[in-house]
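Laboratory data are not the source of any read-out in this text; all were calculated from the coordinates shown. What you see is a predicted model; the values in this text were computed from it and never measured. Here the Cβ positions follow ideal geometry from the backbone for every residue, glycine too, while neighbour counts run over all protein chains shown.
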Amino acid sequence: MNKGHVSDDEICRIIASTIAQKAAKKGVSPEMSLRGDLGVDSLTLMSIVFVLEEKTGIDVFGRVEEFVRAESVADIIKVVRQS
Amino acid sequence: MSDVPKIIDFHSHIASGMCFPQSFQGGVVDNMTVALESHGLPVTREKVARMHAGTLTDPLCDELVVQMDEAGIAESVLLLPDFTYALKDSTHTIEELVEHHKKVVERHPGRFRVFVGVDPRWGADGLALFEKAIVDYRFDGMKLYPPCGYRLSDDMLYPYYEICAQYSLPVLSHIGATSPVLDFEIAQPIYVDKAARDFPGIDFVLAHGSVHYPDEVAMLCNNRPNIYVDVSGYEAFGTAALNTLFRRGINHKILFGTDWPVFRLQGRQKSLVEKLDKEGAFPESMTDADRDLFFYKNAARLLGKNKLKSAEAAAAL
């Protein structure tokens, strides 16, 4: 996957593949909050970041602080876009 | 509870690598790495370490104050455990860390109090440093970390307890497991009992008591008038344990605490406060008065006993 061609839907799908099945069943969309809507905890957030790195080739570690501050799916999308 | 921000967070730390030696952080990272690898994720220890380090980026507590404001937290107690005796890769001395905490308190007037830790094995110099922090800097209590290698009723701690008793200051101690580079067995809550009996004028707070040794901690809170519990750690282990704790008849002993920045990846301080209601931490039988005790009144009562500060306030009138 080329990072220049990663769509929002693809990022949402990557996140959905990483979170708990119960939360993923409802689908993942940009306006959702990571913790409140998707039940993301510390390890899940790390998992999302590592899977995004693997599948999109982004430079995660130039953006660690942004990931730490991410509150919503849209925030994650924004960090990926900026990477 | 009214909308006026008045929550007191009784358990927080300065989010900076200077406060946590590399070996301590490394142990935490090892546990995270094992968990992530077991899920088949493409991780390396180095990457997990960098992600973890991303939570320790607020050395002056500017971001914490923003998040406290969002969450309705009026004051936070900054805990300064002394790892520098047990872990020799500390980047700063305990004297330097005390000075740094003073600087943060002065930077944000009225928002922070400090419980200072000095490892009792530092001897006379350590005791002098502790007394200076209490008397000259007006720090508000003592922080102990038994996994570094001492028990809460160890004779070495008694000179420190004498100072706390003299000024009516609380002592807060870590309880239970922690970074795997330290000792777990020594950090059992029962070891507070002799000290609590010998110093009835000191309030002892057992940190993480809703998740570590909850039955033993509740038994101590029920039966020793001067033993309390803070709930930090609920973020990781769910709120069911908290719900149980609130039904044990010790709501006058339970203190709110977040353990910032340990759970920073779980969300902002506001979401950690809101999580309590959303996830059913409070039993239906719990009164508003009990909630107020939990969120700030118990903390205010303990902090309000400080004789140095009350003498200062009286003199100012």
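The phi-based Karplus calculation (6.51 cos²θ - 1.76 cosθ + 1.60; θ = phi - 60°) puts the 3J(HN,Hα) values of the range A:13-20 at 5, 4, 4, 4, 6, 9, 7, 4 Hz, whole numbers, x for Gly and Pro.
Treating the angle as unsigned and between 0 and 90°, give the value, to the nearest 10°, between the Cα long axis of helix A:73-82 and the longest Cα principal axis of chain A. So the inclination is approximately 0 degrees. Taken residue by residue and averaged, Cβ atoms of other chains lying within 10 Å of the Cβ of B:271-280 number 1. Take the Cα of B:Lys270, step 7 Å along the line toward its Cβ, and report every residue of the range B:45-89 whose backbone nitrogen sits under 16 Å from that point. Only B:63-74 pass the distance filter.
Classify chain B: rounded, prolate or oblate, from the alpha-carbon gyration tensor (a ≥ b ≥ c, eigenvalue square roots; a/c under 1.5 rounded; otherwise prolate if a/b is larger than b/c)? Cα axes put chain B in the rounded bin. Close amide-amide hydrogen proximity is noted between B:Leu255 and B:Val229, B:Asp230, B:Val231, each under 5 Å apart and 5 or more residues distant or on a separate chain (H modeled in the peptide plane; Pro and chain starts excluded). The relative contact order of chain B comes to 19 percent, based on Cα pairs under 8 Å that sit 6 or more residues apart.
Full extension of the chain between A:Ser17 and A:Asp75 gives 19.1 nm of extra length, using 0.36 nm per residue less the Cα-Cα distance. Among the listed pairs A:Lys78/B:Lys6; B:Lys143/B:Lys305; B:Lys132/B:Lys253; B:Lys6/B:Lys270; B:Lys6/B:Lys278; B:Lys103/B:Lys132, a Cα-Cα separation exceeding 23 Å is found for A:Lys78/B:Lys6; B:Lys132/B:Lys253. Think of each Lys and Arg Cβ as +1 and each Asp and Glu Cβ as -1; about the Cα centre, that makes the dipole of the range B:206-271 roughly 220 debye.
In percent, rounded to a whole number, the relative contact order of the range B:1-149 is 27, using alpha-carbon pairs under 8 Å and six or more apart. The separation of the range B:248-317 from the range A:22-83, counted between C-alpha centres, amounts to 31 Å. First check a/c for the range B:141-263, with a ≥ b ≥ c the square roots of the eigenvalues of its C-alpha gyration tensor; if it is under 1.5, answer rounded, and if not, answer prolate when a/b is larger than b/c or oblate otherwise. Verdict is oblate for the range B:141-263. Over all other residues within a Cβ to Cβ distance under 12 Å of A:Val28, the charged ones net out to -2, with Lys and Arg as +1 and Asp and Glu as -1.
Normalised by the number of residues in the range A:3-82, the mean separation of alpha-carbon contacts (under 8 Å, six or more apart) gives a relative contact order of 35 percent.
Distance from the Cα centroid of the range B:1-71 to that of the range B:84-155 is 20 Å (rounded to whole angstrom). When its C-alpha radius of gyration is set against 2.2 N^0.38 Å (N residues), the range B:244-294 gives a value of 1.21.
Once the C-beta distance of B:Asp136 and B:Lys194 is scaled by a Förster radius of 35 Å, the resulting FRET efficiency is 0.70 to the nearest 0.05. Quick one: net charge around A:Asp75, please, counting Lys, Arg +1 and Asp, Glu -1 for every other residue with C-beta under 15 Å from its C-beta. Once all neighbours under 15 Å are counted, the net charge is +1.
Rounded to the nearest 20, the size of the Cβ-charge dipole of the protein assembly as shown about its Cα centre is 440 debye, with Lys and Arg at +1 and Asp and Glu at -1. Within the set of other residues whose C-beta is less than 13 Å from the C-beta of B:Arg45, count the net charge using Lys and Arg as +1 and Asp and Glu as -1. Once positives and negatives cancel, what remains is -1.
Ranking A:Val49, A:Ser29, A:Gly62 by Cα position along the charge dipole of chain A, where only Lys, Arg, Asp and Glu carry charges on their C-beta atoms, puts A:Ser29 farthest toward the positive end. Farthest towards the positive end of the charge dipole of chain B, among the residues B:Leu169, B:His252, B:Val181, is the Cα of B:His252, using unit charges on the Cβ of Lys, Arg, Asp and Glu. Relative to the Cα centre, the charge distribution of chain A, modelled as +1 at Lys and Arg Cβ and -1 at Asp and Glu Cβ, gives a dipole magnitude of about 200 debye. When a/c reaches 1.5 or more, the comparison of a/b and b/c decides; with that in mind, is the range A:3-82 rounded, prolate or oblate per its Cα gyration tensor? Cα axes put the range A:3-82 in the prolate bin.
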